Structures are given as structure tokens and as C-alpha cells.
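Values in this text are rule-based calculations from the coordinates and carry no lab data. A quick note: this is a predicted structure, and the numbers were derived from the prediction, not measured. Note that each Cβ is placed from the backbone with ideal geometry, even for glycine, and that neighbours are counted across all protein chains shown.
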2 protein chains.
Amino acid sequence: MNDNQTGAGGVLARIRFDAAGLIPAIIQDDDGGDVLMLGWMDAEAVRRTLSDGRVTFWSRSRQEYWRKGDTSGHAQYVRSAALDCDGDTILVRVRQVGAACHTGARACFDVDPLQPVVIESGSEQPT
Amino acid sequence: MNDNQTGAGGVLARIRFDAAGLIPAIIQDDDGGDVLMLGWMDAEAVRRTLSDGRVTFWSRSRQEYWRKGDTSGHAQYVRSAALDCDGDTILVRVRQVGAACHTGARACFDVDPLQPVVIESGSEQPT
């Protein structure tokens, strides 16, 4: 890709924001691979996240930018990022300082494990 | 938790669906930890996913249920699942058969890597 495609402007042009102007951002621990949380970004939050070295969200409840860790100290340092195939989700791999979750849990998905039915699938192969 | 909380009914009661009645579902490869894709589920898709052993989404573009792999063969067998701390995102860890992405890539996030600014953060500690 050329600079127009890899620069922030090109990235923002490829994103398909939702009706509220937001895109879901999956935050993954670059050390170990745990999915830490999902937040939301508008175009400016994406721009800041890609240029600032730290993750910034748009808080839907507070209607303001929220650079993770500025209050809690639990910053997320960007290691890598990717858009998905249809440009409507962003994945950011980070170095997480402390707990990602406001509950104090390392990950927001640590607090409410479910009990899905798990079936055997060992003998099946891709078609 | 008791059965009312861990059963499908209790789970659905805890979910905070969005205005369209949907919740984002992060699908993670249980073997290796890669984030494969993000899809959307309504209550019935969550119920099916937790009870059927395979991941079912609600397709926003086609407005229909979509059990991953029924057409492509690239099924997702549920290994575990969790809600996040505020009940508005679900994480499903799966055994992925073949490619998760319709492009043929293993993961939907393999096709459009970005180039964020990465800063040094080694000396910082949690506050």
C-alpha cells in the first residue's frame, strides 16, 4: 500500500463507521493474547490511537474522549493494529499496564464466564 | 451463580443489547488465541450459540441467522464463552475449521494491518 492507504487519512477513509459514527475496537493483550475489552472509537479516537502510542476511546456514556489510563493509570500502549476485511471493526494489540477492567479484573471478560454447550468436533475437517 | 444466572435465560437477561437488539460477539481462536472476527448476535443467536455447540450470528446485511460454516464448511465449535463486565459484549472462544474470513484468510484481521505509532513504555508501572 502507498502512504495514502497506510496513513491515518487513508485508514479513516477505509473505515465503515456505524450510524453513530463509531467503530468497535477490540483490545487484545499483546503478551499472552487475552482479549481484554471492547471499546468504541470515532474517527478522532482512531486517529489519536494510531498516532499517540496509546489507546483512546470515545465514551458513549460520558460522550467524551477517554485515553485509557489517564485516570486509572492502567494505560494501553499500542503494539499493532488492524482493520477487519470489511472495515467495520478495529483490533488493537497492546501492552496493558495493570488491570484493563474497571472492576480490577485483568480483562473485562474475566468476570462473567458462561457455560455453553461444548460438542465434540475432532473428526470434522474443512470441506 | 445459580441456574437462573448461568442458564440461557439468565444470560440473556444480563445482556445489554443495543438499540437494534444486537450485541457484538468477538470470536477468538481457542488454539493460539488469535482474534478471528467480530460478528453480531441477537438474543436468539446467543441462545443458539450457547446451546448448539456452534456459533450462530445475526447477519445485519442479510437480516437472517447465519450459522457459521453451514455454507462455507468453516464452522466454529464453541469451547467457552463470557460476557464482559457491563454485559454488552460477548467473547466466544472456538475451534475454527478452516478460514474464519470470507476472503480465505484465517482471520478477518489478517487482511488490513495498520501502521500505528509505537512508543517505548518499558519503564512505566501501574500506579
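Measuring nothing but label to label, 7 Å from Cα along Cα→Cβ, what are residue A:87's distances to the other copies in nm, shortest first?
Here residue A:87 shows inter-copy label distances of 3.6 nm.
Counting Lys and Arg as +1 and Asp and Glu as -1, what is the net charge of the other residues whose Cβ lies under 12 Å from the Cβ of residue A:52? Before the final figure, lay out the partial values.
Values: positive: A:47, A:48, A:54, A:67, A:68; negative: A:44, A:70.
Within the 12 Å Cβ shell, the charges total +3.
Under a point-charge model restricted to the Cβ atoms of Lys and Arg (+1) and Asp and Glu (-1), what is the dipole moment magnitude of chain A relative to its Cα centre, in debye to the nearest 20? Could you put the intermediate results ahead of the total?
Numbers: 13 positive and 18 negative charges, 111 e Å.
Magnitude of the dipole: close to 540 debye.
Could you work out the percent of alpha carbon pairs in chain B separated by over 20 Å, rounded to a whole number? Numbers along the way, then the final one.
Details: 3906 of 8001 pairs.
So the pairs more than 20 Å apart make up 49 percent of the total in chain B.
May I ask for the net charge around residue A:83, where only other residues with Cβ less than 10 Å from the Cβ of residue A:83 are counted and Lys, Arg are +1 while Asp, Glu are -1?
Details: positive: A:14, A:16; negative: A:84, A:86, A:88, B:112.
Residues near residue A:83 contribute -2 overall.
Can you list the copy-to-copy distances for residue B:16, using a point 7 angstrom from Cα toward Cβ, in nanometres, shortest first?
Between copies, matching label points for residue B:16 lie 2.6 nm apart.
Kindly provide the helix-only [θ] at 222 nm of chain B, computed as the sum of -39,500 (n - 2.57) over DSSP H runs of four or more divided by all residues, to the nearest 500 deg cm²/dmol?
Numbers: 3 runs with 21 residues, N = 127.
The per-residue figure over chain B is -4000 deg cm²/dmol.
Going from the alpha-carbon gyration tensor of the protein assembly as shown, what semi-axes, largest first and in whole Å, does one get by taking the root of 5 times each eigenvalue? It would help to have the intermediate numbers written out before the result.
Numbers: eigenvalues 161, 94, 60 Å².
Equivalent ellipsoid semi-axes, largest first: 28, 22, 17 Å.
Rounded to two decimals, what is Rg over Rh for region B:48-101 when you use alpha-carbon atoms and the Kirkwood radius?
Details: Rg = 11.6 Å, Rh = 11.9 Å.
Reported Rg/Rh, Kirkwood definition of Rh: 0.98.
Over all distinct Cα pairs, what is the inverse of the mean 1/r for region B:28-76, reported as the Kirkwood hydrodynamic radius in Å?
Numbers: mean 1/r = 0.0883 Å⁻¹.
Evaluated over region B:28-76, this radius sits at 11.3 Å.
Select from A:42, A:86, A:30 the residue whose mean-square fluctuation is largest in a Gaussian network model of chain A (Cα-Cα springs shorter than 10 Å).
So, out of A:42, A:86, A:30, the one fluctuating most is A:86.
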